[in-house]
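Encoded as structure tokens, the structure appears first; notes follow it.
The values are calculated or read from the model by the stated rules, or taken from the named source; none is laboratory data. Nothing here was measured: the structure is a model prediction, and the numbers come from that model. Positions of Cβ are generated from backbone atoms using ideal geometry, with glycine treated the same way; all protein chains shown enter the neighbour counts.
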Amino acid sequence: MYYEHEPVLLDEVIKALNIQPDGFYIDGTFGRGGHSREIIKRLSSKGRLLAFDKDPDAVMSIGADLIQDERFEIIKGSFTMLMQYAKQYKVDNQISGVLFDFGVSSPQLDDIKRGFSFKYDSPLDMRMNPTEGQSVADWLKKASESEVADIIYKYGEERASRKIAKAIIDFRNRSPINSTIQLAKIISKAKPSYKQDIHPATKTFQAFRIFINHELDEIRDALPKATDVLCKGGRLVAISFHSLEDRIVKRFMRDQSKPKEQPIELPILRDKGDIKLKIIGKKIRPTINELSKNHRARSALLRIAERM
């Protein structure tokens, strides 16, 4: 089934990557290929684009244009594998740009069977790769109240985490929680919405999705690898959709753009040779024009860094 997908910050991403026609690029989050297609348009016959996505539906959606393009290859797997493949292609330290578009994609949200959204009554799954790991429904069957509360607070930044967790476990002790609507109703009863335009289940669904897919751990793992595969002048470009993702990206780029701190008692000058990145510009948000066409872009933040 086809699901419409608008790539976020497309023009800004292409500009940020500073594409070199003969370069080798990595799209760590293929999605439905909106960014990849624009990258490959700017490559010569010598240029290459390697994409990753652990969602089987995304990999199956690439289309004949990219399947037949010898400059393009897609790997079904996490972007944390990028170093492994860079070495396999013998292009580690030679990559001209790495793009990450973190979070869940519109097709995943719109696909009822995936269980990412509380707008549809669907199985409570939320796995990026539904063939691996456990679903949210399976996890909730065994999770303790304190564990559920901690996850909701840590990954959803939800103030009512303990109240919501108690309601979830109380319900689960009477009957299994297997559907998205079922979970959303439990949360809504436990926590009145603080803002009329935000559903009370939003933060909890976000928390469970991030937890079940190890999303933040994968970001922490991938950013150093992406930096290490870049050539001098290569660009690291990252789109985040909420504060937890953006905080990791911001701190990583900041830390890699300044000398490492030495103990104050040691008479050692800072070694500027350990600086790996130079931050390019300030964070970029979608334009009003883009937001009018794609409301899901409203929380997107783009950060750019260049390999030293």
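Can you name every residue in region 206-237 that is in contact with a strand residue (DSSP E or B) (Cβ under 8 Å, 6 or more places away or on another chain) and not β-branched (Val, Ile, Thr)? Let's see the steps before the verdict.
Applying the first criterion (in contact with a strand residue (DSSP E or B) (Cβ under 8 Å, 6 or more places away or on another chain)) to region 206-237 yields 219, 222-223, 226-227, 229-237.
Residues satisfying the conditions are ALA222, LEU223, ALA226, LEU230, CYS231, LYS232, GLY233, GLY234, ARG235, LEU236.
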Only listed residue being small (Gly, Ala, Ser) and within 26 Å of GLY33 (Cβ to Cβ), chosen from ALA137, ALA222: ALA222
From the list SER36, SER96, which one is hydroxyl-bearing (Ser, Thr, Tyr), in the same structural domain as HIS242 (by TED's automatic domain parsing) and over 24 Å from LEU216 (Cα atoms)? SER96
Identity of the residue in region 161-181, over 25 Å from SER243 (Cβ atoms) and surrounded by fewer than 17 Cβ atoms within 10 Å (Cβ to Cβ), that ends up farthest from the chain's Cα centre (by Cα): ARG174
Only one of GLU158, GLU132 is crowded, with 18+ Cβ neighbours inside 10 Å and part of a loop (DSSP other than H, G, I, E, B); which? GLU158
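Of everything in region 73-105 that's part of a loop (DSSP other than H, G, I, E, B) and among the polar types (S, T, N, Q), which residue is surrounded by the fewest Cβ atoms within 10 Å (Cβ to Cβ)?
Initially, region 73-105 is screened for residues part of a loop (DSSP other than H, G, I, E, B), giving 77-78, 89-94, 102-105.
Checking the rest, the ones that are also among the polar types (S, T, N, Q) come to 78, 93-94, 105.
On the way: SER78: 20, ASN93: 13, GLN94: 15, SER105: 25.
Checking each candidate, the answer is ASN93.
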Of all residues in region 14-28, which are part of a loop (DSSP other than H, G, I, E, B) and either under 23 Å from GLY77 (Cα atoms) or aliphatic (A, V, I, L, M) (or both)? ILE19, GLY23, GLY28
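Of the residues LYS90, LYS41, LYS54, LYS76, which is under 23 Å from ALA207 (Cβ atoms) and either out of contact with any Phe, Trp or Tyr (no Cβ under 6 Å at 6 or more places or on another chain) or not charged (D, E, K, R) (or both)? Lay out the reasoning, then the answer.
Details: LYS90 fails: under 23 Å from ALA207 (Cβ atoms); LYS41 fails: under 23 Å from ALA207 (Cβ atoms); LYS76 fails: under 23 Å from ALA207 (Cβ atoms).
Exactly one of LYS90, LYS41, LYS54, LYS76 is under 23 Å from ALA207 (Cβ atoms) and either out of contact with any Phe, Trp or Tyr (no Cβ under 6 Å at 6 or more places or on another chain) or not charged (D, E, K, R) (or both), namely LYS54.
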